[in-house]
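The structure follows.
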Amino acid sequence: MKRIGIDLGGTKTEGILIDARGRELARHRVPTPARDYAAIVDTVAGLVATLDAEAGMACPVGIGMPGAISTLTGGVKNANTTVLIGKPFAGDLAAELARPVIVENDANCFALSEARDGAAAGADPVFGVIIGTGTGGGIVVGGRVLRGANAIGGEWGHNPLPWPAADELAGRPCYCGKSGCLETFLSGAGLVRTYRDIGGTGCDASEVAARAAAAEALAEEALGRYADQLARGLANVVNVIDPAVIVLGGGLSNIGALYRDVPRLLREYAFSDHLVTEIHPARHGDSSGVRGAAWLWNASGEPASLASC
């Protein structure tokens, strides 16, 4: 069974066609008209039509997006592409495409991809982490996304930073309206702020990492604080769902030092006398989200990779 996966991002929308073994048959990427809801629906429909033509059939469609479908209203919630908020996106796409579609959080799609045939293949449970522009997560148990009763499973980025140090107690304001969320420390902007708070100047998160690799003292200190904050955040996840594997994705997951430092620090914070949880970079990289969207359907064309609770 061929499947289509769509990754709806804030700046680009990508679509792929995969076969039953997960082999990529086609891929297309177009800009996202992020301020025009009707144009977003048309863009996704256009990508699906192109991929259908290449498949020679109307394929099952899974869509990953930042945000979730509200279990109360059926509209989109928590999306940073704000034009989607409150809109019946899944229903509008189903009507436009004349078939059922599954719309799922992009971090959930990422986690599903890596659990299915990526860095966590064969492991259970799996926690997928996005650390980049924002901070997100997804949980896969028994090969299925744990969406949760409120469709917020895995949203660890809006939990508070645990065990805060004295200079972290005041927190940092978050766009969600609260203060001290993990995202304000673990996003790319969070790392840059830490660097600047201790006296660093200029640059973005990738440059902070490069400066740390070049042994600049302030950048090394900032990255050390970041690794400790990440370990504290992950310890809360380990203490609740006890994943066998944690997979890191997003721009900051490319910082090699994290895979050296975070496992050691995590052992200090997790509530266990030993820790076998592994931490790996994503095998499929930036393609994981779109692949996971396609895997939302099983080989018989039925929804098979979601668990409501």
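Ratio to report: Rg/Rh of the range 190-263, with Cα atoms as the point set and Rh obtained by the Kirkwood method; give two decimals.
Working: Rg = 12.9 Å, Rh = 12.9 Å.
Radius of gyration relative to Kirkwood radius: 1.00.
I've got another one for you. How do L218, L223 line up, fewest other C-beta atoms within 10 Å first?
Values: L218 17, L223 25.
Ranking L218, L223 by Cβ neighbours within 10 Å, fewest first, gives L218, L223.
So for M1, M65, M57, fewest C-beta neighbours within 10 Å to most, what's the order?
On the way: M1 14, M65 28, M57 9.
Least to most surrounded, the residues fall as M57, M1, M65.
A further question on this structure: In debye, nearest 20, what is the charge dipole magnitude of the chain about its Cα centre with +1 on Lys and Arg Cβ and -1 on Asp and Glu Cβ, if you could check?
Details: 26 positive and 33 negative charges, 70 e Å.
Charge dipole of the chain: 340 debye, to the nearest 20.
Hey, another quick one. In the calculated pair distance distribution of the range 3-106, what percentage of Cα-Cα distances lie above 17 Å?
Details: 2535 of 5356 pairs.
Distances greater than 17 Å cover 47 percent of the Cα pairs.
Next up: In sequence order, what are the phi-derived ³J(HN,Hα) couplings for the range 150-155 according to the Karplus relation 6.51 cos²θ - 1.76 cosθ + 1.60 with θ = phi - 60°, rounded to whole Hz, with x for glycine and proline?
Those phi angles translate into 10, 6, 10, x, x, 7 Hz.
Looking at the chain, what % of its DSSP beta bridges pair antiparallel, to the nearest 5? Write down the numbers at each step before the final one.
Details: 26 of 47 bridges.
Of those bridges, close to 55 percent are antiparallel.
Work through the residues other than N159 whose Cβ is under 15 Å from its Cβ and net out their charges, Lys, Arg +1 and Asp, Glu -1.
Details: positive: R172, K178, R232; negative: E155, E168, E183.
Around N159, the surrounding residues sum to 0.
Using only the alpha carbons, work out the radius of gyration and Dmax of the chain in angstrom.
19.4, 61
Please work out the C-alpha center-to-center distance from the range 65-103 to the range 1-38 and express it in whole Å.
Result: 16 Å between the Cα centres.
For V145, list long-range residues whose amide hydrogen, built 1.01 Å from N in the peptide plane, is under 5 Å from its own amide hydrogen.
L306, A307
Nearest 10 degrees, 0 to 90: what angle lies between the long axis of helix 37-55 and the longest principal axis of the chain (Cα atoms)?
Orientation of helix 37-55: about 70 degrees from the principal axis.
Kirkwood hydrodynamic radius (Cα pairs, Å) of the range 178-309? Please list the in-between numbers first.
Values: mean 1/r = 0.0606 Å⁻¹.
It is 16.5 Å.
Assign one of three labels to the range 83-147, namely rounded, prolate or oblate, based on the Cα gyration tensor with a ≥ b ≥ c the square roots of its eigenvalues; rounded applies when a/c is under 1.5, prolate when it is not and a/b is larger than b/c, and oblate otherwise. Spell out each step's value before the answer.
Numbers: a/c = 2.96, a/b = 1.66, b/c = 1.78.
Oblate is the answer for the range 83-147, as a/c is 1.5 or above yet b/c matches or exceeds a/b.
Same structure again: Rank these for me by crowding, S113, S287, going from fewest to most other beta carbons within 10 Å.
Working: S113 33, S287 19.
Lowest count first: S287, S113.
Read-outs: derived from the displayed coordinates by stated rules, not from any lab. Computed from a predicted model, the values in this text were never measured in an experiment. Heads up, the Cβs are rebuilt from the backbone with ideal geometry, glycines too, and the neighbour counts pull from every protein chain shown.
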